[in-house]
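Read through the structure below, which is laid out as structure tokens, and then see the notes.
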Amino acid sequence: MTRAQDTRLRSLSDSELMLPHSGDDIRWCHVVDAANHDLGTIDELIVDEDERKVRFLRVRFGGILGFGASELLIPTEAVESVTERVVHVDRWRGDGTVYDPELVDPSHYAQLSDYFGY
């Protein structure tokens, strides 16, 4: 088993970890791609508890008033910049990246990073 598969990843909200500065919290920021298309809103940060690092952004998109919305994970390596409560990602691969917590096993995170080219 590789290190990536051994890593314990979980939602920041479900962990005992905290961000060092409240101003570093990008939850509820909008995410846009390189062409400035809105990808959704970050509703959670997925953290590596062992290394105490944020590894993925969980982005919610679609739906009406939260009903019928879907979620996707974007690796933090894709973040190019954060300005005015908007997170800019350097690349986007919208096909096949929808997040379903019921179907995720530890190897999924490594596969997702590979999928994005990181």
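The values are calculated or read from the model by the stated rules, or taken from the named source; none is laboratory data. Since this is a predicted model, take the numbers as computed values, not measurements. Note that each Cβ is placed from the backbone with ideal geometry, even for glycine, and that neighbours are counted across all protein chains shown.
Here is how the numbers come out for the structure above:
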read-out: Residue match in the range 32-43 (condition: surrounded by 12 or more Cβ atoms within 10 Å (Cβ to Cβ), within 9 Å of the chain's Cα centre (by Cα) and under 13 Å from Ser11 (Cβ atoms)); value: yes
read-out: Qualifying residues in the range 44-53 (those that are outside any strand (DSSP E or B) and touching a Leu at 6+ places or on another chain (Cβ under 7 Å)) - the one surrounded by the most Cβ atoms within 10 Å (Cβ to Cβ); value: Glu49
read-out: Residue count, the range 4-43 (criterion: among the charged types (D, E, K, R) and within 13 Å of Arg55 (Cα to Cα)); value: 2
read-out: Qualifying residue in the range 7-30 (condition: assigned to a helix (DSSP H, G or I), more than 17 Å from Asp114 (Cα to Cα), at pLDDT 90 or above and touching a Leu at 6+ places or on another chain (Cβ under 8 Å)); value: yes
read-out: Hits in the range 54-85 (condition: of a type in the set (D, E, K, R), under 23 Å from Ala35 (Cα atoms) and not in a helix (DSSP H, G or I)); value: Arg58, Arg60, Glu71, Glu80, Glu84, Arg85
read-out: Pick from the range 54-88, criterion among the charged types (D, E, K, R) and surrounded by 12 or more Cβ atoms within 10 Å (Cβ to Cβ), ranking: farthest from Leu12 (Cα to Cα); value: Glu80
read-out: Residue tally, condition under 13 Å from the mean Cα position of the chain (by Cα) and β-branched (Val, Ile, Thr), over the range 44-90; value: 9
